[in-house]
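The values are calculated or read from the model by the stated rules, or taken from the named source; none is laboratory data. Just so it is clear, the structure is predicted and the values come from calculations on it, not from any experiment. Heads up, the Cβs are rebuilt from the backbone with ideal geometry, glycines too, and the neighbour counts pull from every protein chain shown. The protein model used for the area step is the full one, side chains on, heavy atoms only, and it has no ligands, DNA or RNA in it. Shrake-Rupley method; radii C 1.70, N 1.55, O 1.52, S 1.80 Å.
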Amino acid sequence: MNLTECDRLFERIRRSCDPDELRLCYHRLFEFYPLINYQIGRGSIFWRGRKSPANGYEFTWELHCPTPEKTNIGRLNNKSEPCLYAATRRTTIFRELDAKEGDYIHVVGLRILPKRPIKIIAIGDLFHIYKTGHARSIGRDPGKNISRMLNSYDHEHATKILYVDAFLGDILSDPNAKDKNYLHTRVLASTPQSLQFCVEI
């Protein structure tokens, strides 16, 4: 697949409202796009917030993901399928919650437990690392492992990977995704993928 064929596939994805067609298109991209799997260990903190009363919530479980019966469709989850949304930066919370002057936001930090690392897949980071040397999700390229991985491909393949990464990053961060009931992001999150590159943080 060359860049022109990628453009055609991107346009097909943007126009489609058919989950099966979207899944097929994403599969074609994942045939050559390497998924980056970060293993994040002890000490890392992820932030989560929720609009609240003036005095906040009494219990921390009220800031966890909702129960299945109270779970609505979200950017990465279907209805009745809870998903814990958290951010590496506190300021992200206010943007995601569309906070306005006068709103109260209860924020908690979730710290990774010793010997209980978590794994995340970062999509949209490769293009950012290529441009800046830093990942949006973790802030740095540990040991420049990701840069070395990109440099291991021939120029044409690496260019194609970065092109797809930038596109998928746009899909996931689309501020208007809610207008289509988050269909494109939910299908992307549910498309079976194989992890091809692991970096420990």
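Return a yes/no flag: does region 126-133 have any residue that is within 20 Å of Leu188 (Cα to Cα), at pLDDT below 80 and not in a strand (DSSP E or B). Yes, there is a match, as at least one residue in region 126-133 is within 20 Å of Leu188 (Cα to Cα), at pLDDT below 80 and not in a strand (DSSP E or B). Taken together, the criteria place Lys144 among residues that are free of Cβ contacts under 8 Å to residues at least 12 places away in the same chain, surrounded by 12 or more Cβ atoms within 10 Å (Cβ to Cβ) and not in a loop (DSSP other than H, G, I, E, B). Taken as a whole, the structure places Leu110 among residues that are under 25 Å from Arg186 (Cα atoms) and either at pLDDT below 80 or not in a loop (DSSP other than H, G, I, E, B) (or both).
Can we say Glu156 is modelled with pLDDT of 90 or more, in a loop (DSSP other than H, G, I, E, B) and open to solvent by 40 Å² or more (accessible area, probe 1.4 Å)? Criteria not met by Glu156. Under the condition of being in contact with a helix residue (DSSP H, G or I) (Cβ under 9 Å, 6 or more places away or on another chain) and more than 27 Å from Lys178 (Cβ to Cβ), the residues counted in region 85-130 number 2.
Rundown of residues vs (1) at pLDDT 90 or above; (2) under 28 Å from Ala158 (Cβ atoms), yes/no style:
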| residue | (1), (2) |
| --- | --- |
| Arg23 | yes, yes |
| Gly43 | no, no |
| Ser52 | yes, no |
| His64 | no, no |
| Glu69 | yes, no |
| Asn78 | yes, no |
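If the condition is being part of a loop (DSSP other than H, G, I, E, B), under 26 Å from Ala177 (Cβ atoms) and open to solvent by less than 50 Å² (accessible area, probe 1.4 Å), then region 31-42 contributes Phe32, Tyr33, Pro34. Residues of region 43-95 that are among the basic types (Lys, Arg), open to solvent by 60 Å² or more (accessible area, probe 1.4 Å) and part of a loop (DSSP other than H, G, I, E, B): Lys79, Arg89.
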